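Only one structure is covered here, and it is reproduced in the block below.
Every number in this text was worked out from the coordinates using simple rules, so none of it is lab data. In this text the structure is predicted, and so the values were computed from the model without any measurement. Here the Cβ positions follow ideal geometry from the backbone for every residue, glycine too, while neighbour counts run over all protein chains shown.
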Amino acid sequence: MSEKTVSNLIIRMVLDSTEEIIGTNGLKAMLNYGGLITLFENKPDYSMEKSYTDEEYGKLTASWYKVLGTSGGKAVFRMIGKSSGKRSIETGLFDSLKDLPGQEKLYKMIEFFALGTGRGKVSREGDVIIYDNPQCTACINITTDTAVCTGLNGAFDEYAAWAGVTGVRTFETKCKARGDDTCRYEIKPA
C-alpha cells in the first residue's frame, strides 16, 4: 500500500476551486468519470493531515485531462490554481510577510508553499524565482509533449499579485508528463 503523502487541504482546495470554475455538476461529472465521486460525497477537511496517496492525487488530476483534453485541462487548471492561490492568501497564511518588499514577499510565499506541501525547492537565478519539484504527482499517468501542471502557474501568479510584483508570470519550463525529470516553474517577466 502506498504512503499517504498528499494533505486533505490540497485535495479540498482542488475540489472547491474546480467547483467554483466549472460548477457543482461539472465537478461531479469529473469525479464520476475518474471513479472518484466519493470525494464529492465525503469532501476532506481543510487540515494538513495527509490522507491521500500520490496515486490518488494523480488519478484526480489525470481524469480532468482525459475529459478536457490537454489544452482544456491546462486552461481549467490554471484557473483552478488562481482560485486556490486566492483561497490560501485569504486564510491569512502569508500575513506575516506583508511588510517585506515585493520580490522577497513572493519568494517567501513560494517557500511557504514548498514547506506546506513538503515538496520541491525554491531558488533564484537573477530576477527569476524558481520552484523545482521532482516529486510532482499532478502529472502522474499523463504523457504529452507539453507542460501540463498549470495549476501552480495560476497559484503563483496570484501570489505575485498579492505581493505587489507586477509584470511577471509563471511558466512551467519542465514537466514530468513530457519526460523531464522534474516539474520546474519560473516566475519571470511576462
Given 74/105; 82/105; 43/98; 86/174; 121/174; 59/108, the pairs whose alpha carbons are separated by over 20 Å:
74/105; 43/98; 86/174; 59/108
Any GluC sites (Glu not before Pro) in segment 22-116 that lie in a DSSP loop and have at most 14 other Cβ atoms within 10 Å would be 49
Please report the spacing between the Cα centers of segment 167-190 and segment 112-137 in Å, no decimals.
11
With n ≥ 4 as the cut-off for DSSP H runs, can you work out [θ] at 222 nm for the chain, using -39500 (n - 2.57) per run divided by the number of residues, rounded to the nearest 500?
-17500 deg cm²/dmol
In cubic angstrom per residue, the convex hull of the chain built on its Cα atoms measures 113
Full-extension gain between residue 180 and residue 29, please, as 0.36 nm times their residue separation minus the C-alpha to C-alpha distance.
51.3 nm
FRET efficiency estimate (nearest 0.05) - Cβ-Cβ, residue 144 to residue 93, R0 25 angstrom:
0.20
To the nearest 0.05, how large is the calculated FRET efficiency for residue 111 and residue 173 if R₀ is 22 Å and r is the Cβ-Cβ distance?
0.70
Say the dipole of the chain comes from +1 at the beta carbon of Lys and Arg and -1 at that of Asp and Glu; which of 122, 177, 11 then lies farthest toward its positive end?
177
Nitroxide proxy distance, nm - points 7 Å out along Cα→Cβ at residue 121 and residue 40:
4.2
Only Lys, Arg (+1) and Asp, Glu (-1) charged, at Cβ; the chain dipole about Cα centre in debye
260
